[in-house]
Amino acid sequence: MNIITYRRITQISFILLVFLMPVLNIFRYDTATKELIIFGQIWGLGLKQTFYADHSLSGASHVALQFFLKAILPWLVFLAIFPLLGFLTGRLFCGWLCPEGTLFELADHLTLRLTGRRVLFGKSSNGHRASGSRRALYILITIVSIVGLPLFGGAALTGYLVAPKTIWSQIVNWDFTFGVKAGIIGVSIYMLITSIFIRHSLCKYVCAAGLMQMLFGWVSPVSLRIRMDAGRLEECTNCRGCEKACFMNVLPRMNKRDISCVNCGACIAACHKELGRGKGLFHFQAGEKEQLSRHPGCS
């Protein structure tokens, strides 16, 4: 399997995890009972009513400690995930796991097959558009995606606030409460607008998780990045396949750290396709240290 296939597996697996977490009670907030559920257990502050009646210093200290351990500390740990990922792996999460990024890539692919451009309002060509029966197939897939994906995504993500059993029961009976309707419609509209008009601009300029990874990956001396083998520049055929494959509009051959790069490896796959499997000029590397190219006969 090539790098693109591996990446599709991780993207689909993570989307399934996101959709299944509320169903399996791994993580969700039930607005009906006002309870946060984590791994099937109700997550509370662990304070009984008697603690609030104790106005002594020890009682207040106990309440403060429980609040820190049960509310503030978990939130700080969660917020630290993306800076840590950025410090170690750059924006790898964006390129290999992020559900929104996967949705935007699907939109890019369908747009490319229908128009020959990756984005609706782009001027430059990114490839050849489909024709004949294949074009008709892509039109059908696009229509199904525009209608089905936002509605399914809306229903699945609303499960983080309303019990999934309640949502699917209402869908089967076609009888919705206001909260479920608002959740499905709201998420659907968001998915449609971002996937049709905004796409990867959101990843570059808006997404907080992506920006944290970008910032900490930029300052990190050890973060993962993609480099071009500087010792083999003469082997480049100037096909520009690496640039056409990059949906973040990075110029991989510049061989410098670009804050928009999500370490997806599309340029690696494109170069392997042009020069032959295992002969591409790009590779993953941790940190900034230059690596000397190894030629046959080198020890």
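Bear in mind that the values in this text are calculations on the coordinates, not laboratory data. Computed from a prediction, not measured in an experiment: that's the story for all the values here. When we count neighbours, we look across all protein chains shown, and the Cβ atoms used for this are built from the backbone with ideal geometry, even at glycine.
A few remarks follow.
- Each Cα pair under 8 Å and six or more residues apart adds its sequence gap; the mean of these over the residue count of the stretch 221-286 is a relative contact order of 46 percent.
- Residues Trp43, Trp96, Trp75, arranged from fewest to most other Cβ atoms within 10 angstrom of their Cβ, appear as Trp75, Trp43, Trp96.
- Ranked by the mean number of other Cβ atoms within 10 Å of their residues, highest first, the peptides 204-210, 222-228 fall in the order 222-228, 204-210.
- Residue among Gly59, Gln213, Ile9 farthest towards the positive dipole end of the chain, charges placed on Cβ: Ile9
- Max mean-square fluctuation residue, GNM over the chain, Cα-Cα springs under 10 Å, options Leu157, Leu45, Leu103: Leu45
- Whole-Hz ³J(HN,Hα) from phi, Karplus 6.51 cos²θ - 1.76 cosθ + 1.60, for the stretch 136-145, glycine and proline x: 4, 5, 5, 5, 5, 4, 4, 5, 4, 5
- Relative contact order %, the chain, counting alpha carbon pairs below 8 Å whose residues are six or more apart: 21
- P(r) histogram, all alpha-carbon pairs of the stretch 221-286 included - 10 Å bins from 0, percent: 23, 59, 18, 0
- Translational diffusion of the chain was estimated from the Stokes-Einstein equation, with Rh taken as the Kirkwood radius over Cα pairs; at 37 °C and 0.692 mPa s the coefficient is 146 µm²/s.
- Set of the stretch 87-101 residues, backbone N closer than 20 Å to the point 7 Å along the Cα-Cβ line of Asn2: 95-97
- The lysine pair tally for the chain, using Cα distances under 20 Å and a gap of 8 or more places or different chains, is 14.
- Sites Ile9 and His62 - FRET efficiency at Förster radius 35 Å, r taken between beta-carbons, to 0.05: 0.15
- Relative to the current alpha-carbon distance between Phe176 and Leu233, full extension at 0.36 nm per residue lengthens the span by 14.4 nm.
- Residue of Arg129, Arg199, Arg277 that the Gaussian network model of the chain assigns the largest fluctuation, springs spanning Cα pairs under 10 Å: Arg277
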